[in-house]
Amino acid sequence: MLGPSVIPGATSRELAPAYDAVIVGGGLQGVALAYELAKRQFGRIAVLEAAYPGAGASGRNGEMIRSAFATDEWIGLFDDSLRRWQTLSAELDFNVLFTRAGYLLLASTDAACEAGARNVVLQRRHGLHVELLGHDEVRALCPEMSPEMVAGGILQTDAGFAHHDATLWAYAQAAARRGVEIHPYTTVTGFGVAGDAVRSVASSRGEISTDVVVNASGGQAREIALLAGVDVPIETFRLEAMVTEPLAPFLRPAVSSPAIMGYCHQTTRGEFVGGTEPDVPTPSTSIKSTLDGARDMATKFVRLFPRLAGVRMMRHWSGVVTQTADVAPILGRAPEVDGFYLDCGWVYGFVGAPAAAALMAELIATGSTPPTLEPFGVERFSTGRLIRETSLVVASTDAGVT
């Protein structure tokens, strides 16, 4: 177990009897939101993390960043985030290693190219820096890519990737400098609810009075919500990723390939990092890596980049995400309990964290929902106003979420 002294931004002090806001979950969503609330001088803020900050998906994701999506809702949220990524290192006084290398959404069929052409029209309407590429242009950009995998693609020139650990540490330390208390190894065991409003948080280290609770607990979000009598329509899935030995530079942009359900980039140190997903996801809370997952990644990535055949895989890991029926996050109030907020259901959580944190902080501090957040409220599952985003590299679970 890591002690608080070696966890960036964490504290070993005792819990106070009361806080103005308690955030459950010390991943990127939780610490970024704590930072944004502290910027607004919201009061005394505690982040409660059952393990150590970044122990969940925040330290296990693919690190890739874009806003070139296919719906107004996704573009609105994630382009807000991309703009914040551009200056995040200066904002937090910590290098998050954001690399503006570009992001290629690869099209491997004529149908995918046609869909990409339609999406670029919408993306340009939003002011995105995107280029519609043909076969030869993609091959010039990524000469090591297998020609038969290339029909065209969309290149977002100001997107790219960052380092997940550096980003978590940056937000945690910046939040701590503003007085936020990040308490590791503190498990939430219940909530006190009276008059349909949250009043307290019970934890493994004592009870805390508060009128504001945010559920940003990642893979445990549904279980945490149920402690307050709130059910959120999400399921938990395991994703797997890997990193190779360092290689001579051969891939400049980040690449997503829906044809292989994969995403990858090459770091500035030369490692090839990526993950692939099964066509039909199976709910799981396990973070145990599998031989099937390693085989799937190796097979698909060699198909995409033949030069990877025989390259050594240095690490292979797993993490869990909570996924909604439309794969969009749940952001906003829990209608059943006043003062209880939801920041969960993330699959693209690393990408969206900077904007989500700022917008959620605005909602909590002012009581008014920012227009960009409105489509992502949990009410959409009862009204049927799901967000049909079609440019995601992830399998839909429409039939599997209740």
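Bear in mind these aren't lab numbers, they're just calculated from the coordinates by the rules spelled out. Given the structure is predicted, the values throughout are model-derived calculations rather than measurements. When we count neighbours, we look across all protein chains shown, and the Cβ atoms used for this are built from the backbone with ideal geometry, even at glycine.
Some points to look at:
- The chain - mean residue ellipticity at 222 nm from DSSP helices (-39,500 (n - 2.57) per run, n ≥ 4, rounded to 500): -8500 deg cm²/dmol
- The simple spin-label model puts a point 7 Å past each Cα toward its Cβ; for ARG388 and GLU374 those points are separated by 2.1 nm.
- Built amide H within the under 5 Å cut-off of ALA18, gap 5+: SER209
- 18 Å cut-off, amide nitrogen to a point 7 angstrom out along GLU144 Cα→Cβ, residues in region 257-300: 257, 262-276, 297-300
- Rounded to whole Hz, the Karplus (6.51, -1.76, 1.60) HN-Hα couplings of region 311-326, x for glycine and proline: 6, 7, 7, 8, 9, 9, 9, 10, x, 10, 10, 9, 10, 8, 5, 9
- Take 91-102, 230-241, 68-79 and order them by the average number of nearby Cβ atoms within 10 Å per residue, most first; the result is 68-79, 230-241, 91-102.
- Between region 267-281 and region 15-66, the alpha-carbon center distance in angstrom: 26
- Structural descriptor for region 326-381: relative contact order 41 percent, calculated from alpha carbon pairs under 8 angstrom and at least 6 residues apart.
- Per-peptide packing, taken as the mean over residues of other Cβ atoms within 10 Å, places 176-182, 152-158, 108-114 in the sequence 152-158, 176-182, 108-114 from highest down.
- Counting DSSP beta bridges with both ends in the chain, the antiparallel % (nearest 5): 70
- Within-12-Å neighbourhood charge of HIS164 [Cβ basis; K, R +1; D, E -1]: -1
- Once C-alpha pairs closer than 8 Å and six or more residues apart are averaged by separation and normalised to the residue number of the chain, the relative contact order reads 23 percent.
- 11 Å beta-carbon shell around GLU144, net charge (K/R +1, D/E -1): +3
- Residues LYS300, LYS39, LYS288, sorted so that the one with the fewest Cβ neighbours within 10 Å comes first: LYS288, LYS39, LYS300
- Exposure proxy for HIS316, HIS183, HIS135: other Cβ atoms within 10 Å of each Cβ, ordered fewest to most, give HIS135, HIS316, HIS183.
- Computed lengthening from ASP136 to MET313, 0.36 nm per intervening residue step minus Cα-Cα distance: 60.7 nm
- This ranking places TRP346, TRP169 by how few other beta-carbon atoms lie within 10 Å of each, fewest first, which gives TRP169, TRP346.
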